[in-house]
Each structure stands twice: as structure tokens, then as C-alpha cells.
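Here's the structure we're looking at; comments come further down.
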């Protein structure tokens, strides 16, 4: 079944079933999958892989581990989709799984200094990469400035406390509503608002000197 | 508005979720207070840069690795896999179709046989009066709202019952003419 689910993705993108699935909302895609349409799972993967990667990557600060965790999210979705309460929003459910995995990762890292050190080392190595994926039509000093700014923003987000960072990323990068964030993070609305306000202020304080 | 209130409401101000009056008050304060204006600019610039951060994408081998991991799932650990896999194999479909056809033929043949049937006994019908319509003037909602001193709710509930009263008035007038 797993084989079928993803091998079907090799079909041409314009196949009628894929087109029909693309036009459906999440709830309908989930229903289609549970009723036997294998390609619906690939549709869910296509819809959520980038969003989840950005959420997890900005939360834990490690892209490679982020990809592993996104895979873990889809494995869990695949195994437990039959238990998903279809009266709820699928996106909230999948983000909750991602959020829990990201939190576990941060917790493990804080308990294991070696993992933390390896992550830092990996990020140093990333800094040494050539600018091969940048737009070659830009001038070198523009490229440098752009990359510098990106790194600055990423490091500013990484400096936020864990709880604040999670809410901040869900709101400012993923565009989630306060209610959804409260559900994903299993906190009340007031806590979400206060964490977000503090995170915004801290982020602005951290990044302001670089923008002036 | 003072600076403290401005900071307290600033999150909602950024999200554009403040009521119009409060929004106007925030804008007035921002125009008057240089410190709060600088705070607002700092926040908006920071978020603008963040919103323009390029999105990262999964690497090229992401789907293949996911496929490999899904294949590693054992059937007992993957109920969805088992259930869907079982119901989706063509062999199982064929088996179910044949079984359904055999059952249908058997049932049809059985219905053609002359069978001594017992007389059908239906349960007795008990007539009952229809429940009377509730009086809208003494409904629990009105009584509760009157005690709570809420003058609006009774009026709204009465407005809700209007068609019924009009019908009743019409009936009384007819009786009066006779």
C-alpha cells in the first residue's frame, strides 16, 4: 500500500485524478484516502511538506533534522489517519504532530550536549557553502547583503525562547490564526497572545540594530 | 491614550484586529508620541523582513526516502495500511463480488420456494392527542429573562413568535363576527 501510495505520484502531474484531488479541500482529500484513493496521500504530502519543513526548521534551527521530522510527521499521519477526528481541521492536526515532534527534538537536544554541539558544527559548515543556489544575475555585494540579512533573521528567530519561538513562527511565518495556534500548542488564547507579543518585541529588539 | 495602552494594544494594531475607534486612537497616539512611533516602526520593519524570508524546500530525494520509510512499516504497526491494503487488492474485490453474487442467487431461489408463512401480526395502533402548542407568553426563556431584568430578550422572543399571534388574532376576529 505504501508502495502504491507514493509510486502513483510518478504519474504525470496532469492526470485527471491528481487534478481532481488538487481541487478538493483537505477534508475531502482525507476522506478520499480513507475510502481507498491511494494518490490522496501523495496530495497531502505535496500540500504540507514545504509548510511543515519551514515550521520545523524555523523552530529547531536544523534543516536536515527538520526534513527527517517532516518525514516522521507523514509516517504518523499515514499510520493514524483513521483515528483523525474528521470534524476537526486537518491542518491543525498535522501541525500539532509537527509541533510535538519539534518540541521533543529540542528537549532531547537540551539533554544531550553532544547533539547540540553537532548541530552548531553543522551550521558552521553551512556557512562555508558557496553561493551556488543564489540568483547569479545579482551583484556580489547584493548577494552578500541578502544572505547576511537572511542569516540575521534566522539567528534572531533562533534566539527567542522556545515557547515564544513556536507561537511566533506559527503566526508570522505560517500565518495561523490565534485560535489554531492555541489548539496546536495546547495552550489558551491569552497565553498565545502574550507569548506572541513578547516574541514580536524581542525579535524587533534583536534585529533592529541590523536594520538601522 | 498613554504609551502603556499603546504597547498593550500594539499586537492587535499590527494584526488590524482593533475596533475602528481604538485603531484611530492608536494612530493618533503614534502621530503624537515619537517614542511609540519608533517602537511601531521597529516592529513593522522586523516583521516585514521576516515575512520576506525565502521559504526552504525539501531536498530532491524527500519522496523517495519517505517511500522507503513507509515500506518499512510492519502491518501490525500500521492499521491504516492493513485495512486499506486489504480492501484494495484486486483479488479481495473479486472474491467479495463473487460471494455477493452467490448470496443474491441463493436468496432469489429461496424466495421462489412455496413456504408456509405465518399470518403477519402488526402491533396495535394507539391513538394519542397531539401535544398542545406552548404558550409563547409563558415560555421558560421569557420567564428567566424577566427575572434577570433583561428587557431586550422578551421583545426579541415575541418578535420571533409573531406569525403565530397574527394567526390567533385572525381566528378570534372571525369568532367575534359570528
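The values are calculated or read from the model by the stated rules, or taken from the named source; none is laboratory data. What you see is a predicted model; the values in this text were computed from it and never measured. For neighbour counting, all protein chains shown are included, and Cβ atoms are generated from backbone atoms with ideal geometry for every residue, glycine included.
The figures follow:
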{"quantity": "In the range B:28-56, the residues that are modelled with pLDDT of 90 or more and outside any helix (DSSP H, G or I)", "calculated": "B:33"}
{"quantity": "Residue among A:43, A:67 that is more than 11 Å from every other protein chain (Cβ to nearest Cβ), assigned to a helix (DSSP H, G or I) and over 16 Å from residue B:53 (Cα atoms)", "calculated": "A:43"}
{"quantity": "Among residues of the range A:184-212, those that are farther than 18 Å from residue B:49 by Cα and either without any contact (Cβ under 8 Å) to a residue 12 or more places away in the chain or not in a helix (DSSP H, G or I) (or both), counted", "calculated": "7"}
{"quantity": "Test: residue in the range A:175-183 that is without any contact (Cβ under 8 Å) to a residue 40 or more places away in the chain, assigned to a helix (DSSP H, G or I) and closer than 16 Å to residue B:43 by Cβ", "calculated": "no"}
{"quantity": "In the range A:47-64, the residues that are touching a helix residue (DSSP H, G or I) at 6+ places or on another chain (Cβ under 8 Å) and more than 8 Å from every other protein chain (Cβ to nearest Cβ)", "calculated": "A:47, A:48, A:52, A:55, A:56, A:58, A:59, A:60, A:61, A:62, A:64"}
{"quantity": "So residue A:76, is it touching a helix residue (DSSP H, G or I) at 6+ places or on another chain (Cβ under 7 Å), modelled with pLDDT under 90, surrounded by fewer than 22 Cβ atoms within 10 Å (Cβ to Cβ) and more than 10 Å from chain B (Cβ to nearest Cβ)", "calculated": "no"}
{"quantity": "Odd one out for residue A:169, checked against (1) more than 10 Å from chain B (Cβ to nearest Cβ); (2) surrounded by 21 or more Cβ atoms within 10 Å (Cβ to Cβ)", "calculated": "(1)"}
{"quantity": "Test: residue in the range A:25-40 that is under 22 Å from residue A:168 (Cα atoms), without any contact (Cβ under 8 Å) to a residue 24 or more places away in the chain, within 11 Å of chain B (Cβ to nearest Cβ) and surrounded by 23 or more Cβ atoms within 10 Å (Cβ to Cβ)", "calculated": "no"}
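Every residue, every condition in (1) over 33 Å from the mean Cα position of the chain (by Cα); (2) more than 28 Å from residue A:51 (Cα to Cα); (3) more than 9 Å from chain A (Cβ to nearest Cβ), yes or no:
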position: B:18; (1), (2), (3): no, yes, yes
position: B:27; (1), (2), (3): yes, yes, yes
position: B:31; (1), (2), (3): yes, yes, yes
position: B:40; (1), (2), (3): yes, yes, yes
position: B:43; (1), (2), (3): yes, no, no
position: B:50; (1), (2), (3): yes, no, no
position: B:59; (1), (2), (3): yes, no, no
position: B:67; (1), (2), (3): yes, no, no
